[in-house]
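What follows is a single structure, written as structure tokens, with notes after it.
Each reported figure results from applying straightforward, stated rules to the coordinates on display, with no laboratory input. Computed from a predicted model, the values in this text were never measured in an experiment. Virtual Cβ from ideal backbone geometry, glycine too; neighbours counted across all protein chains shown.
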Amino acid sequence: MLLEDFATLTLGSNSLRQLSMMFSLKVAAAIAPFLGLVASQAAAPIANTTNPFGPLAFTAPGAFPTSIYKEYYNNPTATSAQVQPVITDPVLLKTYPNSLTNPATIPKNDTADPHPLPPKASDSLLLAHAIEQILSIASSAVFGSDTCTRCQAGLEVAKFLAMAAPSEGPALAVAICNHFNFNSDCFTEFGPLGLGSVVTQVVANADIGGLDGQMLCQNFLGLCPLPPVSQLNLTSWFAKPKPQAALAPKKPSGERLKVLHLSDLHLDARYANGAESDCTGGQCCRENNFNPSSPNKTLVPAPRFGAYGCDAPIALVLSALESIPALTGTQKAGFDFTVFTGDLVSHDPDNQLSRDYVTYAETVLYDLLKRTLGSGPVYAVLGNHDSYNQAQDAPHTLGGTLASQFSWNYDHLALLWQHEGWLPEAAVALARAHYSAYMVQRQDGLRIITLNTDMWYKANYFNYINMSQPDNSGMLRFLTDELQAAEDAGEKAWVMGHVLSGWDGSNPLGNPTNLFYQIVDRFSNTITAIFFGHTHEDQFEIFYANNATSISESTAQNVAWIAPSITPLTNLNSGFRVYETFEILDAHTWKTDVNAFAALDDQLQNGPTFAYEYNTRETYGANITWGPNDPLNATWWHKVTEQMEANPALVSTFTTLQGKSSVRTTSCTGDCVTAKICYMRSGSVPIAFQNCQSGFGSVQ
Ligand SMILES: [Zn+2]
């Protein structure tokens, strides 16, 4: 290309002045003759017109001097292309190929030369760098006060360590726990024999950069704000639309079935009479525990029948089981059936638990229920304490062998229930395949559908995988399909689980309970009652139409009954309930005063006294017009909450009963009254969080 063309192309014809101004004088002088070729105005006159060394000018030959190279790839005398000499490297002793410089073969990339990478790090080196990087992120000024981003960024590092070197996952968890002082005994809590394997599985599988990471940081570390529930897409969730007209309520046949509701037995098989019942951490009433303020002398010796700070000794469990038939008039005929809403195992820390400790409690207690409650079947669900590790249950979507890592428990439970004669074969097979959840089709036309509510429990780490999907485990798919089958058959269903779906919203997760609420709405004509436990307290939740956008008597559709516990933990009396059913026509609750147990220690004449505590209809319905055979359904319970709004004394009554008339139950006044009525009207986490003031859920 000629310089003239170059200048024209790049600068444009009017830019030559500017170009010359930009150049230094020296450069300008050097190129002046060339500029002169194209400049229309005359340049300064050239001073020297003679060359002292030779001729004034030399014109090079037009042909390429072919003798300069020995060999060419192309014809050096042709003018259609630049010559391509054959070049041999005297150092590398090789000849460069024509393709290297051939204008027609310019490469896309270099496939011949090495592109060096760092060496593969050993597992221990990965661990060391993961720790270093997380600490670096934690102290980096870039994140400012954004603890959430800092936490998620740190967890990303953990995720890739968990995938590349899973055996180092527990060590990372311990190191980070120690550094940030998350726990007083990080090795026990998160080491390879603690929750280390669980958290490693979870961070390896979770979407750390998305909702999963945000929720892990929110729930377990308090470093992220609580995100709103995800948009629920129900487009293809239900097979059929809700039937337009409510199915006619079944008229009571005149015969009332008697159903026992037991919950939260929490047998402490390691209970030590006389041990410290007033400890400050871990399980009290244990030989290995004491009150730090009095390490050498027991302050409050554990009574033989139990204490407010302890789980139930076997003596208390037997006292309750001996009392139930006598108090409920079922010595001869037994109950038609029993619902047990979970938690058999004591509240030991994880390091004191084992599969054996769990299966022991399952074996002992189901055998006792079988032998003391008569012939009616017991329909039981798995509680969060009935697992090892505690509260952990993995979704099938984990895949591989991890998908079935808790099958030992589902198999044991299902086969025990079969052994006791409570479940038919079809239900046993369902329980083994569906996280211990099953459906029983009873002869009387009622279907019992159970849930493993660990699948919505906050403390189950596995729920933090794929959180934007409200039913990652498939448990609510199972529930929906069973309810559809019940509706198609024109039968009614009871739904049972352990962890309640709403109340103050402090126990379950938002997305799955939001979906559960919509399922209850869709099948409100099929579900006649819902049963939960877990809080150890006597409570209830009302479910309304249209996600509770309008809360009124006319929109109230379903009720969940939350049963009192047998365990006194914590600061509660021990109790149980009987329903007259199977739309709940009446409910009767009994309790025993744990405060009186110490006085029973020095004699064998008398054990605990269980006494009738209250009749639900009479206690709450005095001012409600309601037929004697009308069920205590959602409409009635909504009227109860309206009575409570008009008369806060009724909330005081509720609060007393919530703690089973424990001397330790504190009163509920002011904001507590409003909050508690609000919890009664909250069947899901998002409804509780949206509508209610937090902090008044428990009387413990
Ligand atoms: Zn529980």
Report summary line: Expected unfolding gain across THR549-ILE68 under the 0.36 nm per residue rule, minus the alpha-carbon gap, is 163.9 nm
Requested in this report: Using per-residue counts of other Cβ atoms within 10 Å, averaged over each peptide, order 190-203, 652-665, 52-65 from highest down.
Outcome: 190-203, 652-665, 52-65
Report task. Over segment 383-498, calculate the relative contact order: mean separation of alpha carbon pairs under 8 Å at least 6 apart, over the residue count, as a percent. Result -> 28 percent
Report summary line: The distance between the Cα centres of segment 197-213 and segment 639-693, in whole Å, is 37 Å
Query raised in the report: Quick one: MET163, MET215, fewest Cβ neighbours within 10 Å first, how do they rank?
Result: MET163, MET215
Query raised in the report: Tell me, TRP503, TRP636 in order of fewest to most beta-carbon neighbours within 10 Å?
Result: TRP636, TRP503
Report task. Quick one: what are the phi-derived ³J(HN,Hα) couplings along segment 421-435, Karplus 6.51/-1.76/1.60 with θ = phi - 60°, whole Hz, x for glycine and proline? Result -> x, 8, 10, x, 4, 4, 5, 4, 5, 4, 4, 5, 8, 10, 6
Requested in this report: For segment 638-654, just list the computed ³J(HN,Hα) in residue order, Karplus coefficients 6.51, -1.76 and 1.60, θ = phi - 60°, integers in Hz, with x standing in for Gly and Pro.
Outcome: 5, 4, 4, 5, 5, 4, 5, 5, 6, 9, x, 4, 5, 6, 4, 4, 4
Report summary line: For 286-292, 167-173, ranked highest to lowest by mean beta-carbon neighbours within 10 Å, the order is 167-173, 286-292
Requested in this report: Just order 374-384, 330-340 by mean Cβ neighbour count inside 10 Å, highest at the front, would you?
Outcome: 374-384, 330-340
Query raised in the report: With the calculation restricted to Cα positions, what are the radius of gyration and Dmax of segment 332-440 in angstrom?
Result: 14.1, 50
Query raised in the report: Between ALA239 and ASP356, what is the spin-label point distance in nm, taking each point 7 Å from the Cα along the Cα→C-beta axis?
Result: 4.6 nm
Requested in this report: Tally the DSSP beta bridges in the chain and give the antiparallel ones as a percent, rounded to 5.
Outcome: 60 percent
Report summary line: Karplus ³J(HN,Hα) for segment 208-224 (6.51 cos²θ - 1.76 cosθ + 1.60, θ = phi - 60°; Hz, whole; x = Gly/Pro) runs 4, x, x, 4, 4, x, 4, 6, 4, 5, 6, 6, 8, 10, x, 9, 10
Report task. Between ALA646 and LEU226, with labels modelled 7 Å along Cα→Cβ, what's the label distance in nm to one decimal, could you check? Result -> 3.3 nm
**Report entry** Cα gyration tensor, segment 477-551 - rounded (a/c under 1.5), prolate or oblate
**Finding:** prolate
Report summary line: Label model pair SER404, TYR96: point-to-point distance (7 angstrom along the Cα→beta-carbon line) in nm is 6.4 nm
Query raised in the report: Can you give the helix-only mean residue ellipticity at 222 nm for the chain, where every DSSP H stretch with n ≥ 4 adds -39500 (n - 2.57) and the sum goes over all residues, rounded to the nearest 500 deg cm²/dmol?
Result: -10000 deg cm²/dmol
Query - Residue-span extension gain [ASN219 to ASP488] - 0.36 nm each, minus C-alpha spacing - result: 92.8 nm
Report summary line: When the charge dipole of the chain is computed with +1 on Lys and Arg Cβ and -1 on Asp and Glu Cβ about the Cα centre, the Cα farthest towards its positive end, among PRO55, GLN231, SER319, belongs to PRO55
Query raised in the report: Taking a temperature of 10 °C and a viscosity of 1.306 mPa s, what whole-number D in µm²/s does Stokes-Einstein yield for segment 65-160 with Rh from Kirkwood over alpha carbon pairs?
Result: 82 µm²/s
Report task. Starting from the Kirkwood radius over alpha-carbon pairs of segment 123-219, derive D by Stokes-Einstein at 4 °C in a medium of 1.567 mPa s and give it in µm² s⁻¹. Result -> 98 µm²/s
Query - Extension reserve of the THR188-ASP601 stretch, reckoned as 0.36 nm per residue once the Cα distance is removed - result: 145.1 nm
Query raised in the report: How big, on average over all directions, is the shadow cast by the Cα convex hull of segment 394-534, in nm²?
Result: 8.5 nm²
Query - Mean projected area in nm² (Cα convex hull; one quarter of hull surface) for the chain - result: 52.4 nm²
Requested in this report: Treating only the Cβ atoms of Lys and Arg (+1) and Asp and Glu (-1) as charged, compute the dipole magnitude of the chain about its Cα centre; round to the nearest 20 debye.
Outcome: 1320 debye
Query raised in the report: Got the relative contact order for the chain handy, in percent, Cα pairs under 8 Å and 6 or more residues apart?
Result: 11 percent
Query raised in the report: Quick one, what does Rg over Rh come out to for segment 585-649 if you take C-alpha atoms and the Kirkwood Rh?
Result: 1.20
Query raised in the report: If we count other beta carbons within 10 Å of each Cβ, what is the order of SER184, SER682, SER468, SER319, fewest first?
Result: SER184, SER468, SER319, SER682
Query raised in the report: To the nearest Å, what is the center-to-center distance of segment 479-512 and segment 115-144, using C-alpha atoms only?
Result: 45 Å
Query raised in the report: Given charges of +1 on the Cβ of Lys and Arg and -1 on the Cβ of Asp and Glu, with all other atoms neutral, how large is the dipole of segment 123-219 about its Cα centre, in debye to the nearest 20?
Result: 80 debye
